[in-house]
Amino acid sequence: MKLNVTIQPLFLISRFKTLPDPTKFLKLENVTYSWSGPSFFELKIADLNLARSETVLLLGESGSGKSTLLSLICGTIVAESGCVNVAGTDLSALSAGQRDRFRAEKIGLIFQQFNLLPFASVQDNILLPLKFAPERRNRLRDLKLEAKRLCHDLGLHDGAMSSKACNLSVGQQQRVAAARALIGSPPFIIADEPTSSLDAATQATFLELLFAQSRTHGTTLLMVSHDARLANQFDRVINMEDIAQTTRGAIV
(Lines give C-alpha, C1' and ligand atoms only; values in the text may rest on other atoms or scores of the structure.)
Protein backbone atom coordinates (compact mmCIF):
# COMPACT_ATOMS: atom_id res chain seq x y z
CA MET A 1 0.00 0.00 0.00
CA LYS A 2 1.31 3.41 -0.96
CA LEU A 3 0.05 6.68 0.46
CA ASN A 4 0.03 9.92 -1.48
CA VAL A 5 -0.07 12.34 1.42
CA THR A 6 -0.10 16.02 2.06
CA ILE A 7 0.71 17.44 5.46
CA GLN A 8 -0.84 20.62 6.75
CA PRO A 9 -1.27 22.16 10.17
CA LEU A 10 -4.74 21.62 11.48
CA PHE A 11 -6.49 20.54 14.58
CA LEU A 12 -6.46 18.84 17.83
CA ILE A 13 -7.77 15.72 19.50
CA SER A 14 -7.89 14.12 22.82
CA ARG A 15 -6.74 11.55 25.33
CA PHE A 16 -5.71 12.00 28.92
CA LYS A 17 -3.76 11.10 32.03
CA THR A 18 -4.05 12.08 35.64
CA LEU A 19 -3.10 15.71 35.92
CA PRO A 20 -0.24 16.67 38.22
CA ASP A 21 -1.57 20.23 38.32
CA PRO A 22 -5.14 20.29 39.73
CA THR A 23 -5.82 23.64 38.04
CA LYS A 24 -5.47 21.95 34.64
CA PHE A 25 -8.94 20.68 33.84
CA LEU A 26 -8.20 19.38 30.35
CA LYS A 27 -4.88 18.14 29.05
CA LEU A 28 -3.96 16.59 25.72
CA GLU A 29 -0.36 15.53 25.24
CA ASN A 30 1.33 13.81 22.28
CA VAL A 31 -2.00 12.63 20.93
CA THR A 32 -2.26 10.74 17.65
CA TYR A 33 -5.40 9.54 15.91
CA SER A 34 -5.78 8.11 12.43
CA TRP A 35 -8.11 6.14 10.21
CA SER A 36 -7.94 4.46 6.84
CA GLY A 37 -11.03 4.33 4.67
CA PRO A 38 -11.25 5.46 1.07
CA SER A 39 -8.52 7.88 2.15
CA PHE A 40 -5.96 8.15 4.93
CA PHE A 41 -6.21 10.71 7.74
CA GLU A 42 -3.95 11.31 10.72
CA LEU A 43 -4.19 13.97 13.41
CA LYS A 44 -1.47 14.87 15.89
CA ILE A 45 -1.65 17.26 18.84
CA ALA A 46 1.50 17.86 20.83
CA ASP A 47 -0.01 19.78 23.73
CA LEU A 48 -3.29 21.40 24.77
CA ASN A 49 -4.35 22.57 28.23
CA LEU A 50 -7.49 24.17 29.61
CA ALA A 51 -7.63 25.49 33.16
CA ARG A 52 -10.53 24.88 35.51
CA SER A 53 -13.26 27.53 35.02
CA GLU A 54 -11.56 28.86 31.89
CA THR A 55 -13.62 29.92 28.87
CA VAL A 56 -11.87 29.08 25.60
CA LEU A 57 -12.82 29.71 21.99
CA LEU A 58 -11.39 27.16 19.58
CA LEU A 59 -11.25 28.55 16.05
CA GLY A 60 -11.10 26.38 12.98
CA GLU A 61 -12.41 26.45 9.44
CA SER A 62 -15.05 24.03 8.19
CA GLY A 63 -13.48 20.65 7.53
CA SER A 64 -10.55 21.34 9.83
CA GLY A 65 -11.25 18.33 12.06
CA LYS A 66 -13.34 19.94 14.79
CA SER A 67 -15.73 16.99 15.04
CA THR A 68 -12.85 14.56 15.46
CA LEU A 69 -11.41 16.73 18.19
CA LEU A 70 -14.64 16.85 20.15
CA SER A 71 -15.17 13.11 19.77
CA LEU A 72 -11.74 12.46 21.25
CA ILE A 73 -12.25 14.83 24.17
CA CYS A 74 -15.63 13.26 24.89
CA GLY A 75 -14.27 9.73 24.66
CA THR A 76 -16.56 8.56 21.88
CA ILE A 77 -13.43 7.64 19.95
CA VAL A 78 -10.04 6.76 21.39
CA ALA A 79 -6.65 8.07 20.35
CA GLU A 80 -3.99 5.58 19.31
CA SER A 81 -1.34 7.18 21.50
CA GLY A 82 -0.85 10.05 23.88
CA CYS A 83 -2.65 11.40 26.91
CA VAL A 84 -6.22 12.69 27.23
CA ASN A 85 -7.16 13.73 30.74
CA VAL A 86 -10.46 15.35 31.66
CA ALA A 87 -11.14 16.53 35.23
CA GLY A 88 -8.28 14.39 36.53
CA THR A 89 -9.46 11.22 34.76
CA ASP A 90 -7.36 9.40 32.19
CA LEU A 91 -9.88 8.46 29.52
CA SER A 92 -7.67 5.66 28.19
CA ALA A 93 -8.04 3.86 31.54
CA LEU A 94 -11.82 3.63 31.14
CA SER A 95 -13.88 1.04 29.30
CA ALA A 96 -16.36 2.16 26.66
CA GLY A 97 -19.22 1.94 29.18
CA GLN A 98 -17.24 3.85 31.78
CA ARG A 99 -16.48 6.57 29.25
CA ASP A 100 -20.20 6.85 28.48
CA ARG A 101 -21.04 7.28 32.16
CA PHE A 102 -18.18 9.73 32.66
CA ARG A 103 -19.34 11.82 29.69
CA ALA A 104 -22.93 11.90 30.96
CA GLU A 105 -21.85 13.18 34.38
CA LYS A 106 -19.00 15.51 33.52
CA ILE A 107 -19.72 16.96 30.08
CA GLY A 108 -22.65 18.99 28.82
CA LEU A 109 -22.65 18.81 25.02
CA ILE A 110 -24.24 21.32 22.69
CA PHE A 111 -24.24 19.63 19.29
CA GLN A 112 -24.16 21.53 16.03
CA GLN A 113 -27.03 19.37 14.75
CA PHE A 114 -28.84 19.55 18.13
CA ASN A 115 -29.53 15.76 18.35
CA LEU A 116 -32.94 16.30 19.96
CA LEU A 117 -35.59 13.59 20.14
CA PRO A 118 -38.00 15.00 17.54
CA PHE A 119 -41.26 13.63 18.96
CA ALA A 120 -40.39 14.15 22.62
CA SER A 121 -41.40 17.34 24.41
CA VAL A 122 -38.99 20.16 25.11
CA GLN A 123 -39.12 19.27 28.80
CA ASP A 124 -38.32 15.60 28.16
CA ASN A 125 -35.41 16.53 25.88
CA ILE A 126 -33.91 18.84 28.51
CA LEU A 127 -34.27 16.28 31.30
CA LEU A 128 -32.97 13.35 29.23
CA PRO A 129 -29.28 13.46 30.31
CA LEU A 130 -30.28 13.33 33.98
CA LYS A 131 -31.53 9.76 33.45
CA PHE A 132 -27.90 8.73 32.90
CA ALA A 133 -26.23 11.16 35.33
CA PRO A 134 -27.32 10.72 38.97
CA GLU A 135 -24.78 13.26 40.22
CA ARG A 136 -26.22 15.96 37.97
CA ARG A 137 -29.76 14.91 38.89
CA ASN A 138 -29.04 15.06 42.62
CA ARG A 139 -27.86 18.68 42.37
CA LEU A 140 -31.44 19.74 41.62
CA ARG A 141 -34.38 19.92 44.00
CA ASP A 142 -37.01 20.30 41.29
CA LEU A 143 -36.04 18.99 37.85
CA LYS A 144 -39.00 20.45 35.97
CA LEU A 145 -38.61 23.86 37.61
CA GLU A 146 -34.92 23.97 36.62
CA ALA A 147 -35.78 23.01 33.04
CA LYS A 148 -38.34 25.81 32.97
CA ARG A 149 -35.82 28.31 34.36
CA LEU A 150 -33.26 27.44 31.70
CA CYS A 151 -35.88 27.81 28.97
CA HIS A 152 -36.84 31.23 30.32
CA ASP A 153 -33.20 32.34 30.48
CA LEU A 154 -32.71 31.25 26.89
CA GLY A 155 -35.76 33.14 25.66
CA LEU A 156 -38.17 30.23 25.23
CA HIS A 157 -41.75 30.94 26.33
CA ASP A 158 -43.35 28.80 29.04
CA GLY A 159 -45.66 27.11 26.56
CA ALA A 160 -42.70 25.63 24.73
CA MET A 161 -42.10 23.10 27.51
CA SER A 162 -44.87 20.83 26.26
CA SER A 163 -44.16 21.35 22.56
CA LYS A 164 -42.59 18.59 20.51
CA ALA A 165 -39.05 19.37 19.42
CA CYS A 166 -39.93 18.79 15.77
CA ASN A 167 -42.43 21.67 15.90
CA LEU A 168 -39.82 24.24 16.96
CA SER A 169 -37.85 26.59 14.76
CA VAL A 170 -34.15 25.92 14.22
CA GLY A 171 -33.21 28.67 16.66
CA GLN A 172 -35.58 27.31 19.31
CA GLN A 173 -34.18 23.81 18.90
CA GLN A 174 -30.69 25.15 19.41
CA ARG A 175 -31.75 26.78 22.69
CA VAL A 176 -33.31 23.53 23.88
CA ALA A 177 -30.03 21.76 23.10
CA ALA A 178 -28.22 24.35 25.22
CA ALA A 179 -30.62 23.89 28.14
CA ARG A 180 -30.11 20.12 27.95
CA ALA A 181 -26.33 20.59 28.19
CA LEU A 182 -26.53 23.03 31.11
CA ILE A 183 -29.01 21.25 33.34
CA GLY A 184 -27.47 19.76 36.46
CA SER A 185 -24.35 21.95 36.14
CA PRO A 186 -21.81 19.55 34.62
CA PRO A 187 -18.24 20.80 35.20
CA PHE A 188 -17.40 20.90 31.49
CA ILE A 189 -19.46 22.42 28.68
CA ILE A 190 -18.48 21.71 25.07
CA ALA A 191 -20.32 23.72 22.45
CA ASP A 192 -20.00 22.98 18.73
CA GLU A 193 -20.94 26.08 16.70
CA PRO A 194 -23.81 26.82 19.11
CA THR A 195 -24.60 30.34 17.89
CA SER A 196 -24.81 29.57 14.17
CA SER A 197 -28.63 29.61 14.08
CA LEU A 198 -29.23 32.50 16.49
CA ASP A 199 -29.85 36.15 15.76
CA ALA A 200 -27.51 38.74 17.30
CA ALA A 201 -29.66 39.48 20.36
CA THR A 202 -30.30 35.82 21.17
CA GLN A 203 -26.64 35.02 20.55
CA ALA A 204 -25.58 37.57 23.16
CA THR A 205 -28.09 36.17 25.69
CA PHE A 206 -26.97 32.63 24.94
CA LEU A 207 -23.28 33.40 25.44
CA GLU A 208 -23.95 35.29 28.66
CA LEU A 209 -25.79 32.24 30.01
CA LEU A 210 -22.75 30.06 29.24
CA PHE A 211 -20.41 32.56 30.89
CA ALA A 212 -22.71 32.89 33.92
CA GLN A 213 -22.63 29.09 34.27
CA SER A 214 -18.84 29.22 34.27
CA ARG A 215 -18.71 32.00 36.89
CA THR A 216 -21.33 30.50 39.19
CA HIS A 217 -20.32 26.85 39.08
CA GLY A 218 -16.66 27.02 38.08
CA THR A 219 -17.52 25.37 34.77
CA THR A 220 -14.87 25.00 32.09
CA LEU A 221 -16.20 26.08 28.68
CA LEU A 222 -14.79 25.02 25.32
CA MET A 223 -16.63 26.51 22.37
CA VAL A 224 -15.75 25.57 18.81
CA SER A 225 -16.44 28.10 16.06
CA HIS A 226 -15.14 29.60 12.86
CA ASP A 227 -16.38 33.07 13.89
CA ALA A 228 -13.39 35.09 15.11
CA ARG A 229 -15.69 38.01 16.02
CA LEU A 230 -16.54 36.18 19.26
CA ALA A 231 -12.91 36.11 20.41
CA ASN A 232 -12.90 39.08 22.81
CA GLN A 233 -15.65 37.51 24.93
CA PHE A 234 -13.50 34.54 26.00
CA ASP A 235 -10.60 34.19 28.42
CA ARG A 236 -8.47 32.70 25.67
CA VAL A 237 -8.55 31.91 21.95
CA ILE A 238 -6.84 28.90 20.39
CA ASN A 239 -6.39 28.51 16.64
CA MET A 240 -6.41 24.96 15.34
CA GLU A 241 -3.60 25.60 12.91
CA ASP A 242 -1.31 26.54 15.81
CA ILE A 243 -1.69 23.35 17.81
CA ALA A 244 -2.27 20.46 15.43
CA GLN A 245 -0.91 18.73 12.38
CA THR A 246 -2.86 16.59 9.95
CA THR A 247 -1.82 14.17 7.25
CA ARG A 248 -4.25 13.34 4.46
CA GLY A 249 -3.91 11.28 1.35
CA ALA A 250 -5.46 8.78 -1.01
CA ILE A 251 -4.70 5.11 -0.50
CA VAL A 252 -3.47 3.65 -3.79
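The values are calculated or read from the model by the stated rules, or taken from the named source; none is laboratory data. Note that the structure is predicted; figures quoted are calculated from it, not measured. Heads up, the Cβs are rebuilt from the backbone with ideal geometry, glycines too, and the neighbour counts pull from every protein chain shown.
For segment 50-80, taking the residues that are surrounded by fewer than 22 Cβ atoms within 10 Å (Cβ to Cβ) and of a type in the set (D, E, K, R), the one that is nearest to Leu210 (Cα to Cα) is identified as Glu54.
I need the full set of residues from segment 45-82 which are in a loop (DSSP other than H, G, I, E, B) and aliphatic (A, V, I, L, M), in order please. Outline the logic, then answer.
Of segment 45-82, the ones in a loop (DSSP other than H, G, I, E, B) are 52-54, 60-65, 75-80.
Selection gives Ile77, Val78, Ala79.
So, Asn167, is that one within 25 Å of Ser53 (Cα to Cα), of a type outside the set (Asp, Glu) and loosely packed, with under 14 Cβ neighbours inside 10 Å or not? Here the answer is no, as Asn167 does not meet what is asked. Filtering segment 1-53 to residues that are under 16 Å from the mean Cα position of the chain (by Cα) and at pLDDT 90 or above leaves Phe25, Leu26, Lys27, Leu28, Leu48, Asn49, Leu50, Ala51, Arg52, Ser53.
Residue by residue through segment 83-110, note down the ones that are assigned to a loop (DSSP other than H, G, I, E, B) and within 24 Å of Ser34 (Cβ to Cβ). I'd like the intermediate steps shown before the answer.
Going through segment 83-110, the residues assigned to a loop (DSSP other than H, G, I, E, B) turn out to be 87-88, 94-95.
Selection gives Leu94, Ser95.
Being part of a loop (DSSP other than H, G, I, E, B), surrounded by 13 or more Cβ atoms within 10 Å (Cβ to Cβ) and either under 22 Å from the mean Cα position of the chain (by Cα) or at pLDDT 90 or above (or both) holds for only one residue in Leu140, Leu127, Leu150, and it is Leu140. Is segment 179-193 home to any residue that is crowded, with 23+ Cβ neighbours inside 10 Å, closer than 14 Å to Leu222 by Cα and modelled with pLDDT under 90? So far as segment 179-193 goes, no, none of its residues is crowded, with 23+ Cβ neighbours inside 10 Å, closer than 14 Å to Leu222 by Cα and modelled with pLDDT under 90.
Could you check segment 162-186 and list, in sequence order, the residues that are in contact with a strand residue (DSSP E or B) (Cβ under 7 Å, 6 or more places away or on another chain) and of a type in the set (A, V, I, L, M)?
In the first step, residues of segment 162-186 are kept if they are in contact with a strand residue (DSSP E or B) (Cβ under 7 Å, 6 or more places away or on another chain); the result is 162-164, 177-178, 181-182, 186.
Within segment 162-186, Ala177, Ala178, Ala181, Leu182 meet the criteria.
A residue that is more than 16 Å from Ala120 (Cβ to Cβ) and either touching a His at 6+ places or on another chain (Cβ under 7 Å) or basic (Lys, Arg) (or both) cannot be found anywhere in segment 189-212. When segment 184-203 is filtered for residues that are touching a Gly at 6+ places or on another chain (Cβ under 8 Å) and among the β-branched types (Val, Ile, Thr), the ones remaining, listed by number, are Ile189, Ile190, Thr202.
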